[in-house]
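What follows is a short report on a single structure.
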Amino acid sequence: MAEPASRPYEPLPDPPKDFTLHEALQGTQTPDGHWHVGKLEFENTKEYSDFRVGQVEIAGTKEQLATLYALETTGKIPGTEPMNAAPPGTTVEGLLEVKDKKPDDQGFYHLGTLKVQKDEFQQFADLQKDICDKNPEALAALYHMEHAPDGPVTFRVTNDSDRRDRYSSDTNTIHWNEHTTGRDSRNGARVDPGTAALHEETHWALRGGVGDTLASIPSKAYSDYNERAVIEGSEARMQDIEGHAKRHSHHGHVVPVRELDSVTPSLTIRQNGVEREVGPGFQQSGRVIGMKDGWVTLAVRGDGSQPEHRMDLKVDQLQGAFQNDVFGERVLLMGAQKHGDTVTISASNDGRIVYSDPAQEKRINEQHQPWPPYPKEMPQFSGSPDLAERPVVPSQKTELVGVGR
């Protein structure tokens, strides 16, 4: 006899009968320009307007009103709580048992309502054993995928060219790449492949009315409230288990797994005269405009809320990073690697990468166009320069990409 279908989360309580969409969208503006809709807060009029438009576009579902009522009255985001646990006695070995050893016509093994390609199954099984042994919430996610009331759900192990993990709601498919992971560009927090898989499984668990409503609510740091629910919920709990810093935004970049373990030191940055440390994997897009008094100065493009501003990075933590002169060029710092007593910062520039290690630089430059020659009067970075600031030279901007979703 087949086991009954399960739901990852309990349904939200019904809102009061007089709580209408019109009431749910009424906000008040404070002197700082922020808009408040109950306990929901938006930083500016555009964000508040986008919220209203998004809700009108999906208007009409019972779950939408329940989600808005919960957000506006409690301030708690549905989906941040742990999923309903798997039944007592559930084991990852039992959930990974393939009862029909013969795949279907498309090459998929079926684990209840979960489909996995035969040639990807071993990677999938290794992933699930790893994260389920660490975290009962991962075991719950696997159980719910195998007992979905609206199945089937497909899990693909992918090496897509864009290298992004994601959940595609239109095909009910989770895409996961074991060779890449993510970095938060604001605090350098790393997201390991196993955590990224649970992140996408949680997006799956939030599918439907609640998830659609959360995804239609903008959030500057997190893109939207669906991402915020996942990052502050299951992902944050997994980060605690792994001993990694939590992300506080959805902004970041994709990193090959092989580069993770060598990224260890933290960096000191200075903004508006205030120094602070940022974690391993810190990333910042900017133009190198000067080196003075033991600091490298970047011109950092504004994000809409502030104009272009300056950021300083401590020279002794950037030893050898800019052995080629990069004044006025747009660079993207990709974190630090420690080789003995030397800290190396790798950076990309229009598809080319600067390394202090000659072998790495030679290999990279063989794959890309050579660096153009630099004028002799442009000084080379020797490791501890006090160079006069140079004027900012316009250059091509570099965009950061989001992690997950």
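Read-outs: derived from the displayed coordinates by stated rules, not from any lab. Please read all numbers here as calculations on a predicted model, not as lab measurements. Here Cβ is always computed from backbone atoms with ideal geometry, including for glycine, and neighbour counts include all displayed protein chains.
Would you mind ranking ILE58, ILE131 so that the residue whose beta carbon has the fewest other beta carbons within 10 Å leads the list?
Going from sparsest to densest Cβ surroundings: ILE58, ILE131.
Please list, in order along the stretch 67-75, the HN-Hα scalar couplings obtained from phi with the Karplus expression 6.51 cos²θ - 1.76 cosθ + 1.60 (θ = phi - 60°), rounded to whole Hz, x for Gly and Pro.
So the J values, rounded to whole Hz, are 5, 5, 5, 5, 5, 6, 9, 10, x.
Past the 27 Å Cα-Cα mark, which pairs from LYS39/LYS134; LYS62/LYS99; LYS76/LYS246; LYS17/LYS246?
The answer is LYS39/LYS134; LYS62/LYS99; LYS17/LYS246.
What ranking do 145-155, 89-99, 234-244 get when scored by the average of other Cβ atoms within 10 Å per residue, highest first?
145-155, 234-244, 89-99
Calculate one ³J(HN,Hα) per residue across the stretch 29-38 by plugging θ = phi - 60° into the Karplus curve 6.51 cos²θ - 1.76 cosθ + 1.60, and present them in order as whole Hz with x for glycine and proline.
Running phi through 6.51 cos²θ - 1.76 cosθ + 1.60 with θ = phi - 60° gives 9, 9, x, 7, x, 6, 10, 10, 10, x Hz.
I need the phi-derived Karplus couplings for the stretch 100-108: 6.51 cos²θ - 1.76 cosθ + 1.60, θ = phi - 60°, integer Hz, Gly and Pro marked x.
9, 5, 8, x, 6, 5, 8, x, 9
Mind listing the long-range amide H neighbours of THR180? Cut-off is under 5 Å, sequence gap 5 or more, other chains count too, H placed in the peptide plane at 1.01 Å from N.
VAL257
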